[in-house]
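Here is the structure we will look at.
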Protein chains: 4
Amino acid sequence: MKIVQDTIHGTIKLEEWQLEIIDTAAFQRLRRIKQLGFANLVYPGANHTRFEHSLGAMHLARKLVEDEEVVAAALLHDIGHTPFSHSGEKVIERYARRRHEDVKGIIKENFEEILDKYGIDVKKVVKKIKESPVSGDIDVDRMDYLVRDSYYTGVAYGVFDVQRLIEKMYFDGKRLVIEEGGIRAAESMLVSRFMMYSAVYYHHVCRIAKKMFEKALVWMIENDMLSIEELQKMDDYDVVALMRRSERFPKFVIQSLDRRDLFKRAVYVSLDKVGVNLKKVKPWRAEQIIAEECGIDENFVIVDIPEERSEEYGALVEMEGEVRRLDEVSKIVQTLKSLQSELLKFGVYTKKEYVDKVQKAAYDIFNIEKTRQKKLF
Amino acid sequence: MKIVQDTIHGTIKLEEWQLEIIDTAAFQRLRRIKQLGFANLVYPGANHTRFEHSLGAMHLARKLVEDEEVVAAALLHDIGHTPFSHSGEKVIERYARRRHEDVKGIIKENFEEILDKYGIDVKKVVKKIKESPVSGDIDVDRMDYLVRDSYYTGVAYGVFDVQRLIEKMYFDGKRLVIEEGGIRAAESMLVSRFMMYSAVYYHHVCRIAKKMFEKALVWMIENDMLSIEELQKMDDYDVVALMRRSERFPKFVIQSLDRRDLFKRAVYVSLDKVGVNLKKVKPWRAEQIIAEECGIDENFVIVDIPEERSEEYGALVEMEGEVRRLDEVSKIVQTLKSLQSELLKFGVYTKKEYVDKVQKAAYDIFNIEKTRQKKLF
Amino acid sequence: MKIVQDTIHGTIKLEEWQLEIIDTAAFQRLRRIKQLGFANLVYPGANHTRFEHSLGAMHLARKLVEDEEVVAAALLHDIGHTPFSHSGEKVIERYARRRHEDVKGIIKENFEEILDKYGIDVKKVVKKIKESPVSGDIDVDRMDYLVRDSYYTGVAYGVFDVQRLIEKMYFDGKRLVIEEGGIRAAESMLVSRFMMYSAVYYHHVCRIAKKMFEKALVWMIENDMLSIEELQKMDDYDVVALMRRSERFPKFVIQSLDRRDLFKRAVYVSLDKVGVNLKKVKPWRAEQIIAEECGIDENFVIVDIPEERSEEYGALVEMEGEVRRLDEVSKIVQTLKSLQSELLKFGVYTKKEYVDKVQKAAYDIFNIEKTRQKKLF
Amino acid sequence: MKIVQDTIHGTIKLEEWQLEIIDTAAFQRLRRIKQLGFANLVYPGANHTRFEHSLGAMHLARKLVEDEEVVAAALLHDIGHTPFSHSGEKVIERYARRRHEDVKGIIKENFEEILDKYGIDVKKVVKKIKESPVSGDIDVDRMDYLVRDSYYTGVAYGVFDVQRLIEKMYFDGKRLVIEEGGIRAAESMLVSRFMMYSAVYYHHVCRIAKKMFEKALVWMIENDMLSIEELQKMDDYDVVALMRRSERFPKFVIQSLDRRDLFKRAVYVSLDKVGVNLKKVKPWRAEQIIAEECGIDENFVIVDIPEERSEEYGALVEMEGEVRRLDEVSKIVQTLKSLQSELLKFGVYTKKEYVDKVQKAAYDIFNIEKTRQKKLF
């Protein structure tokens, strides 16, 4: 039995089979993938990685269940992440539509032998990744990353009492159920999540950096410098190296990121200020139109249409012997749900010198309400 | 210049005049008044006192203003507290209606000479206690106690970033104004306050203990064992000693508190379940009626009608050069405001053996909705 | 199963039998005995109690052993404490020589029935209080109080990694043994202890307050206001009440403590500066002599001869399959041991106005080296 | 005025000139240089960078002095660091002997213009880097990194009260002097440093990783793949990319590091067990001899001769109006000094399969005492 020192949970014990998985090259790659992508450009401490988060999620899973398939799923739930975390997701979705299938492939290729040896069913492990308590409205993934991201950004908003929440929860074999005494802690976690989205995950500088990086990835794929298959095996170092070696747009992007000299906001408004149906807009097409209108290179325009996440706030609660949805019994949660869309902003980003003309073009094209808006946080 | 080690703010520096005030017997009394009354019956760490809170509030005031009258007001804002903090407030209000006048008297009597010596105007100090930034929706009092109460209860809900909030605020001479960059931190503080009310301040055990203690105070006043003037000079030790020396109801109460063997809830429902207008009900009259109905001593019935606090959530925010109310620009704050009343519960408490009959009587008398309620947190 | 929120260990679970013990009046008394006596006169946050410390020690014991007698011993190890903690120890020792016998009596009287009911042997419990892992060089008592005292004083010195230390220790049925990987953590704990002694436990203001209080206790015992038996059943409130009701020296002392207007140091030197054999000196006799020499009331002189504690630093370590003493394998620990006596100071305290003459008398009587000493910390 | 959120110091304010320096490409490079090199192979959270440490050191400097040259020196003190921090130092020393000259060049080239604009003398800035309070026994560099490294490794040993220490220090224009009230905090810091050396900085896995990396750097320099000048402009990404692109030894090393499949210890003993004068041994020559003896490639043998650091523990203390050395007045510090050499180990590392034969050869060649040693921590 080995012990790893974790900044969030203290000491994390590793059993033999866990150690074998962690010692593979495929798992060690997670050490070199930043959990929060380019958030360190805003919060300089945010250099933590998928590696420690994966150990943390496993640690929490183990407190809730004894099922080794679930524990393994928690350990491996991020194994398919591309460099700089979420940044590559959209790109993969654009070029390959079978994200979860890929993860299945990666797990089989790298861990099936080890799991078999210890009598852990690889198929179940893959399946469990998408199920409670690894995934869901309140899950071990979120419970770990909220506190961890809060620790490394230094943003206290995200601090909630994980230990208390875990004590007041049970996994009934299918679902994670919060006991009545844990409702406040669960609400607290969802409030924290909301606050972290606003302060960190949707911080405009983080978003701009991420979108620039994504655009460079797309450029490299379309120019045959990179394939999706390669991307999924890379770590942060590989993709930075590739961009630095490149001559054109990717090189421009990596230099911008390295110097923290990023695109600026030409447009940044609430979704309800936008006069066109954004669901029908293809960002790359919109970028071309704006660029053409302004007479500039289309690489220098980014149209950022945030996805409306279907966070369901549907965690389950046991009250008076009955299991109900959290958003049914909690007004706080009902409110957070209704505020969800407020967090999202429609943005158009470009080089500093083009901000004015891109703004003008974008306001026209997207029919954005020009009256001075009453900002609503 | 002296330095005090504070658990929340690290080191707090004390200037000469502050040291002289702190060294008076009147101020030292605050060392022996628990900040959270009987909350330590639920949270065993909650033994902190008005003394350290007063230093903390002063420390925060000093970060916002240079006006010595304001700093003195922050230091002295709790000087009139009765033993076990808020527990005595209601009692005082019942027997003496001039609360703030009393504080003025205490300050003049004990600190005027010292303040004079340093050219600090005692009248202004008294006045500043009721004004921003010492009092208000977001004030140094709340900023200190929320984090402090959180630290000593071990309830993480209340943790918010005081330092960040203070950095993003300014006092314009009349009002405390939050800059745009501080809105999230302010929201976070108000969410914390809401959570702390639910987990700590309105925890039913804390409320029952407090109400029992208050009833004992009233008993002693009505039985000429105690006057309001005496009460305001006492510390926690004095009043406990008095109750232990007494023979009848106060002795029963102090023994109940000492053994943590308290009254139980016969009724505990949302205000909207109550079929009579609670604003017109005098609790002591209701207690007599219920007791009579049940054939028991009226001392063993407590009717707890919570006050609807007019927390205005009206902190001020500067956005785009304009100062506006926080609850106007923040949906989170609007929601908290609307949830305020949800926190309040109407309660009737009695000895364990009387719970059933008191419940029956109270349900009738208060016309409480009997259908199984859908609990809403 | 009930859960208590603890500031240090997070959530502490209570089993049925533990809950029954805690719910007795005898155990609840610990809620009203401050862990650090009068240390809050220096560190305003130090208001924590024997109650939470006892729960914490039990929590740690449970991590090391499954033996319920040991767990009960950890829970009850402080049950015999007199008001304001250690302050009464010396007094008891002076008047009653059978300290541990008393504890046995208290436990039998109050808890035997409960322990019996759950098949826990009360005799073994009493015995285990004096044995590892409840007592010893590194024990659950110390592990809890060092971190807890550090938390409430705000003195960071005492922070060491309890969790890591506990993970790297095992109880072999007789002794607590540290694994090789835990040596650094153990050293760290002993360094912390050393630092805490210096900053808190032996802080001169804490010592003076404690000694004044002890002298008042002795006065009350000798004037038949108080017996040892009574003292052991009292809490902080009782003894303060008694002192406030008294007319003479105890009243003077409680007023001094309440106003933080304490005796001052007339002498405060390292033990090696003292020219007489302190082991042969009876403090009360010395106080009389000094008082007579100065023509003042002997109550106003306190002679403080610190005990040389036989902290053995003899914790056990397993290295390369062999169990050895920590102070044999660790130079840090050897050093701390040799520094132990440096911490101790010989002090004579008196009223401010008598400092000069008391100093003169004491320097003569104790033959204290007058050359300007090279202070050695 | 901009604010950066720091995990250690809370909020750090940046003035205009500081912002301009930070926004240069040369300074932004520090974002991509890990503070603790490969320590994240042992402590997964240790991914923090020279960037945040530099801001932290500046923040502390500003609390001690108003001299802008000193503040700038604190901000720029690490500007010359090579990738993965200290790892490159030895290599540079081997090939270029003018380390500080290089730093001077870097600062002039990148920051002279900015500093000039704000009337800050670049020459003084360069000079101040090597002087108190930026360098020295207790300096802002150490005060920041000890707490920061502790935070990110999750090793609590290093936690000491920076705030208290800073409050109890002053800079007299030439030297940093600790007031008497700060001696304990200073001792605590030196103890922390000692503990961190043992648990983190000299952890054998960290050392092996570092030595393997250094050997790869040397290999690349000798094979004309890399120059010292290039190395000083690179970040972690550059050097990893270079090693991954290489075909031979550097590729082997980066793969070992990526997979956490490192050399093992063939020899690891206290310096006093070694029978030859290590000061006269050139590691690379010793590696050749051992390799030859064993018939293996010399790249697979690493001889690690630790430098005896001349940490002087000579911080200054003001006691009774006189300034003296800390190690003169503190026994704790005297002890730490004498223990310094205990921390150092002589090591020989090699591939797992060669451990036995390399051990045999090295024991002969270095005449290492074979009697079972009494381990001394």
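Descriptive notes on the structure:
- Checked across the range B:300-319, the condition of being within 14 Å of chain A (Cβ to nearest Cβ) and polar (S, T, N, Q) holds for no residue.
- Against the test of being small (Gly, Ala, Ser), at pLDDT 95 or above and not in a helix (DSSP H, G or I), the options A:GLY56, A:GLY45 yield a single qualifying residue, A:GLY45.
- When the strands (runs of 3 or more DSSP E) confined to the range C:295-362 are screened for residues that are among the charged types (D, E, K, R) and either in contact with a Lys or Arg (Cβ under 6 Å, 6 or more places away or on another chain) or over 19 Å from C:TYR202 (Cα atoms) (or both), those reaching at least 2 such residues are found at C:322-325.
- Residue count, the range A:1-19 (criterion: within 13 Å of chain D (Cβ to nearest Cβ) and in contact with a helix residue (DSSP H, G or I) (Cβ under 9 Å, 6 or more places away or on another chain)): 12
- A:VAL155 under 23 Å from D:THR7 (Cα atoms) and either of a type in the set (Val, Ile, Thr) or in contact with a Lys or Arg (Cβ under 6 Å, 6 or more places away or on another chain) (or both): yes
- The one condition in (1) assigned to a helix (DSSP H, G or I); (2) under 22 Å from the mean Cα position of the chain (by Cα); (3) surrounded by 24 or more Cβ atoms within 10 Å (Cβ to Cβ); (4) outside the structural domain of C:GLY37 (by TED's automatic domain parsing) that C:ALA185 fails to fulfil: (2)
- For A:HIS86, the conditions (1) modelled with pLDDT of 95 or more; (2) open to solvent by 50 Å² or more (accessible area, probe 1.4 Å); (3) part of a helix (DSSP H, G or I) are fulfilled apart from (1).
- Of the residues making up the range C:104-122, one or more are in contact (Cβ under 8 Å) with a residue 40 or more places away in the chain and within 14 Å of chain B (Cβ to nearest Cβ).
- Residue in the range B:129-144 that is within 14 Å of chain C (Cβ to nearest Cβ) and not basic (Lys, Arg) present: yes
- Complete set of residues in the range D:188-235 that are open to solvent by 30 Å² or more (accessible area, probe 1.4 Å) and within 14 Å of chain C (Cβ to nearest Cβ): D:TYR201, D:TYR202, D:HIS203, D:HIS204
- Residue in the range D:256-294 that is farthest from A:LYS233 (Cα to Cα), counting only those that are in a loop (DSSP other than H, G, I, E, B) and open to solvent by less than 40 Å² (accessible area, probe 1.4 Å): D:VAL274
- If you go through the range A:151-178 and keep only what is within 17 Å of C:GLY10 (Cβ to Cβ) and either without any contact (Cβ under 8 Å) to a residue 40 or more places away in the chain or more than 8 Å from every other protein chain (Cβ to nearest Cβ) (or both), you end up with A:VAL159, A:PHE160, A:ASP161, A:VAL162, A:GLN163, A:ARG164, A:LEU165, A:ILE166, A:GLU167, A:LYS168, A:MET169.
- When each of C:LYS123, C:LYS128 is tested for being outside the structural domain of C:ILE166 (by TED's automatic domain parsing), open to solvent by 50 Å² or more (accessible area, probe 1.4 Å) and at negative phi, the lone residue that passes is C:LYS123.
- Within the range A:27-49, considering residues that are more than 9 Å from chain D (Cβ to nearest Cβ) and open to solvent by 20 Å² or more (accessible area, probe 1.4 Å), the one nearest to A:ASP149 (Cα to Cα): A:LEU36
- Residue within the range D:156-176 that is outside any helix (DSSP H, G or I), among the β-branched types (Val, Ile, Thr) and buried (at least 24 other Cβ atoms within 10 Å of the Cβ) present: no
- Scan of the range D:126-143 for residues that are assigned to a helix (DSSP H, G or I) and in contact with a Leu (Cβ under 6 Å, 6 or more places away or on another chain), ordered by number: D:VAL140, D:MET143
- Enumeration of residues in the range A:295-308 that are under 16 Å from A:TYR349 (Cβ atoms) and either buried (at least 17 other Cβ atoms within 10 Å of the Cβ) or of a type in the set (D, E, K, R) (or both): A:ILE296, A:ASP297, A:GLU298, A:ASN299, A:PHE300, A:VAL301, A:ILE302, A:VAL303, A:ASP304, A:ILE305
- Taken across the range C:115-125, residues that are modelled with pLDDT under 80 and not in a helix (DSSP H, G or I) do not occur at all.
- Test: residue in the range D:55-74 that is at the interface with chain A (Cβ under 8 Å from one of its Cβ atoms) and either buried (at least 19 other Cβ atoms within 10 Å of the Cβ) or in contact (Cβ under 8 Å) with a residue 24 or more places away in the chain (or both): yes
- As a summary of the residue check, A:GLY154 satisfies the conditions (1) of a type outside the set (Lys, Arg); (2) modelled with pLDDT under 95; (3) more than 27 Å from D:GLY45 (Cα to Cα) except for the one numbered (3).
- Subset of the range B:239-253 [buried (at least 18 other Cβ atoms within 10 Å of the Cβ) and either within 9 Å of chain C (Cβ to nearest Cβ) or out of contact with any helix residue (DSSP H, G or I) (no Cβ under 9 Å at 6 or more places or on another chain) (or both)]: B:VAL240, B:ALA241, B:LEU242
- Total residues in the range D:323-377, condition among the polar types (S, T, N, Q) and at pLDDT 80 or above: 5
The values are calculated or read from the model by the stated rules, or taken from the named source; none is laboratory data. Quick caveat, the model's predicted, so the values are computed rather than measured. Glycine gets a Cβ as well: all are built from the backbone with ideal geometry, and neighbour counts include every protein chain shown. Just the protein is used for accessible areas: all its heavy atoms, side chains included, with ligands, DNA and RNA removed. Shrake-Rupley method; radii C 1.70, N 1.55, O 1.52, S 1.80 Å.
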